[in-house]
Amino acid sequence: MKFKFIWEGRTRTGYLAEGIEDYLKRIKRYVQVEVKEVKEEKIKNIPVAALKAREAERIKTAFKRGEFLIALDERGRQFSTTSLAHFLKKLPAQGYKTLTFFLGGPLGLTPELLKQAHLCLSLSSLTLTHEMARLVLLEQLYRILTIWHGERYHKN
């Protein structure tokens, strides 16, 4: 199995970047990992829809055929950690070898890009910065991997 992550730009906030690197290393002990940082769009005097459309085009170029696409969006479906673990565990049996998680920048994703996703996932009903969402996602995926392997990281 492979986890692929697509997000806009690099993580600029130091402590979040450190946490992201830590969880990526932990996850790599269990699955292959690929991170694609698409070019960041500068927020200028351009309509929001145009900015989001440009970003969406760059995200779509990172998709490969046969990947299970998971968009992170605040209006997406919420799971408990264990129910998400069960959901994701079934995907390889359905022919998906790569789970691709993607999220936009501060402006979010276009409706068209959200429609392309097999699953729209919300990490919380709270609003998170796009950098914070990266860290939360990685921690939850690491937690899920430890559940799958019967390790003691996750406590019920």
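The values are calculated or read from the model by the stated rules, or taken from the named source; none is laboratory data. Note that the structure is predicted; figures quoted are calculated from it, not measured. Cβ atoms come from the backbone with ideal geometry, glycine included; neighbour counts cover every protein chain shown. The protein model used for the area step is the full one, side chains on, heavy atoms only, and it has no ligands, DNA or RNA in it. Shrake-Rupley method; radii C 1.70, N 1.55, O 1.52, S 1.80 Å.
Annotations for the structure displayed:
- GLU74 vs. criteria surrounded by 14 or more Cβ atoms within 10 Å (Cβ to Cβ) and touching a strand residue (DSSP E or B) at 6+ places or on another chain (Cβ under 8 Å): no
- Test: GLN140 is out of contact with any Cys (no Cβ under 7 Å at 6 or more places or on another chain), open to solvent by 80 Å² or more (accessible area, probe 1.4 Å) and within 25 Å of GLY19 (Cα to Cα): no
- Qualifying residue in segment 96-104 (condition: without any contact (Cβ under 8 Å) to a residue 60 or more places away in the chain and not in a loop (DSSP other than H, G, I, E, B)): no
- Once segment 16-55 is narrowed to residues that are outside any helix (DSSP H, G or I) and among the β-branched types (Val, Ile, Thr), the residue that is surrounded by the most Cβ atoms within 10 Å (Cβ to Cβ) is VAL38.
- Of all residues in segment 106-115, at least one satisfies being of a type in the set (S, T, N, Q), in contact (Cβ under 8 Å) with a residue 12 or more places away in the chain, in contact with a helix residue (DSSP H, G or I) (Cβ under 9 Å, 6 or more places away or on another chain) and surrounded by 13 or more Cβ atoms within 10 Å (Cβ to Cβ).
Per-residue answers, yes or no, for (1) more than 19 Å from LYS4 (Cβ to Cβ); (2) modelled with pLDDT of 95 or more:
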position: ALA71; (1), (2): no, yes
position: ARG75; (1), (2): yes, no
position: ALA85; (1), (2): no, yes
position: LEU91; (1), (2): no, yes
position: TYR96; (1), (2): no, yes
position: CYS120; (1), (2): no, yes
position: LEU123; (1), (2): no, yes
position: MET132; (1), (2): yes, yes
